[in-house]
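Please read the structure below before turning to the comments.
The values are calculated or read from the model by the stated rules, or taken from the named source; none is laboratory data. Owing to the predicted nature of the structure, the values given are computational and were not obtained by experimental measurement. Here the Cβ positions follow ideal geometry from the backbone for every residue, glycine too, while neighbour counts run over all protein chains shown. For accessibility, only protein heavy atoms count, side chains too; no ligands or nucleic acids. Shrake-Rupley method; radii C 1.70, N 1.55, O 1.52, S 1.80 Å.
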Amino acid sequence: MIKLFSLKNQKKDADAGGRGSQQKRATAAQLRINKDINELTLPKTCNIEFPDPDDLLNFRLVIMPDEGFYKGGKFVFSFSVSPNYPHDPPKVKCKTLVFHPNIDLEGNVCLNILREDWKPVLTINSIVYGLQYLFLEPNPEDPLNKEAAEVLQTNRRLFEQNVRKAMAGGSVGTTYFERCLK
C-alpha cells in the first residue's frame, strides 16, 4: 500500500515537471458551463455573446421579444458564473434600463430560479427561458420595481404606454430610459 502511494506521488511529480504543468485543468464549473452552452437551444428571440471567447464563465444574453409589452425591444443581460456552479446560480444583471416589475433600475432580476428555487440540475437554458418568460408575462405579485408593478396591477393601458415610452428613449416619472428598440 505504501509503495503504491509513493508510485502515485512519483507519477504526479513527473507530470507536474513535464507537460502536465502547461495544461490547466478545467474546474467543475468550467466543465459544466461548457456542457450547458453546448446543449443550449436558444429561442429565435435570443442570442448569446462571449466578449472573451476563452472565458465561458462571463457572457451576455440578448433578448429581443417578438410579442407582448416589450415587443421590438433589445435587452442585454450579463451572466457571471461562480466557481461553485452548478451548486450556486449564476449572477444575472440586466444591463438595459427597463420599466419592468421584475427588474429594478439597478438591473437586479427577480426570477425565482436565480434565488431560492435554484437547483444544480437547472441549466443556463432554464435561465434563458425564465428571463424570456418575464418579458412575455411580467409578474406584479413579486416585484423589484414596485412602481411598475403597481401600474401594471391598476392600469394595464398606462403600463403599456410607460413601457413604450421607456423603450423609445423617454422618461417615466423621474427616470430617463435610453432607447432600446431595435
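General remarks:
- Filtering the stretch 130-171 to residues that are β-branched (Val, Ile, Thr) and either surrounded by 19 or more Cβ atoms within 10 Å (Cβ to Cβ) or within 18 Å of Asn108 (Cα to Cα) (or both) leaves Val151, Val163.
- Of all residues in the stretch 108-124, those satisfying the criterion of being open to solvent by less than 40 Å² (accessible area, probe 1.4 Å) and closer than 10 Å to Asp88 by Cα are Leu114, Trp118.
- Boolean, Ile127 is open to solvent by less than 20 Å² (accessible area, probe 1.4 Å) and either closer than 14 Å to Ile33 by Cβ or without any contact (Cβ under 8 Å) to a residue 60 or more places away in the chain (or both): yes
- Condition met for Asn34 (in contact (Cβ under 8 Å) with a residue 12 or more places away in the chain and out of contact with any helix residue (DSSP H, G or I) (no Cβ under 9 Å at 6 or more places or on another chain)): yes
- The set of residues in the stretch 98-108 being within 13 Å of Asn162 (Cα to Cα) and either at pLDDT below 95 or not β-branched (Val, Ile, Thr) (or both) consists of Phe99, His100, Pro101.
- Residue pairs whose Cβ atoms lie under 6 Å apart, separated by 6 or more positions or on different chains, with the first residue in the stretch 95-124 and among the small types (Gly, Ala, Ser) and the second part of a strand (DSSP E or B) and open to solvent by 30 Å² or more (accessible area, probe 1.4 Å), are Gly107/Lys93.
- For the stretch 65-81, the condition holds for no residue, the condition being that it is in contact (Cβ under 8 Å) with a residue 60 or more places away in the chain and among the aliphatic types (A, V, I, L, M).
- Scan the stretch 92-140 for residues that are part of a strand (DSSP E or B) and either at positive phi or of a type in the set (S, T, N, Q) (or both) and the total you get is 1.
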